[in-house]
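Everything on this sheet refers to the single structure shown next.
The values are calculated or read from the model by the stated rules, or taken from the named source; none is laboratory data. Since the structure is predicted, the reported quantities are computational estimates derived from the model, not experimental observations. Note that each Cβ is placed from the backbone with ideal geometry, even for glycine, and that neighbours are counted across all protein chains shown. For accessibility, only protein heavy atoms count, side chains too; no ligands or nucleic acids. Shrake-Rupley method; radii C 1.70, N 1.55, O 1.52, S 1.80 Å.
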Amino acid sequence: MNPILHIHSKLSMRRALAALTTASVLAAIWLSSAHAANVDGAVTELQREWEAIRYQVPAPEREKRFEALAAKAHAVSESFAGRSEPLVWEGIIVSSWAGEKGGLGALGLVKQAKSLYEAAIQLDGNVLDGSAYSSLGVLYYKVPGWPLGFGDKAKAQQLLQKALTLNPQGIDANFFYGEYLLETRRADEAVTYLERAVQAPPRAGRALADEGRRGEARALLVKVRGSN
């Protein structure tokens, strides 16, 4: 083969390989971005449905609605395996279902929610401003202790403080820590965090949840001040 043609052939091959590599990288980036957008969209839909059930649906209807939403959330978690956001929201929904169900019959659900939060933390505990830590902390102070459940007030405080470290101005992080302090008979300390929850900056696209949570914080503040 002509040496010049041979060199030209090698250069052409290298350019072709470089172009192919660049195209592959760009395709991978595009697919990753599309996957992330799909996760965000699916999680936002779960979030909005949860908010509507929690704050707009009459109490007698909530258990069945959360049960149906939990099935949908589980499908989202399976569709986006390896992502922590769907696991957090599946946990929140299952926890809410347990709260509406109540009694010993809810223990299986809270254990399921606990596993979901723990799986999310193992993947990325910082996701969603540390919501997995605060939500898991809530379970630890609301669920009965041994032998019925896994409740542990010290563990709850550790998790709730971790959530506050990650999101010190967050409405949920402050509300749940304030509620925890109130339930552990530290009402004077609770006031600071409940007031922070009332004054927390609004979250984009979360107006309904923010309004509902502020209302809950105000109700607890009335309770605290009325008992003094």
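For the reader, a short list of remarks on this structure follows.
- Mean projected area of the convex hull spanned by the Cα atoms of region 162-228, taken over all viewing directions: 4.2 nm².
- Highest-first arrangement of 103-111, 125-133, 61-69, 171-179, where packing means the average Cβ count within 10 Å: 171-179, 125-133, 61-69, 103-111
- Rounded accessible area of Val191 (nearest 10 Å², 1.4 Å probe): 30
- Rounded to the nearest 10 Å², the accessible area of Thr192 at probe 1.4 Å: 60
- Accessible surface comparison of Ile53, Ile92, probe 1.4 Å, protein chains only, largest first: the order is Ile92, Ile53.
- Shape class for region 98-228, computed from the alpha carbon gyration tensor (a ≥ b ≥ c): oblate, with a/c not under 1.5 and a/b at or below b/c.
- Total formal charge among the other residues, if their Cβ is under 14 angstrom from that of Glu179, Lys/Arg +1 and Asp/Glu -1: +4
- Three-way shape label, region 30-128, alpha-carbon gyration tensor, a/c 1.5: oblate
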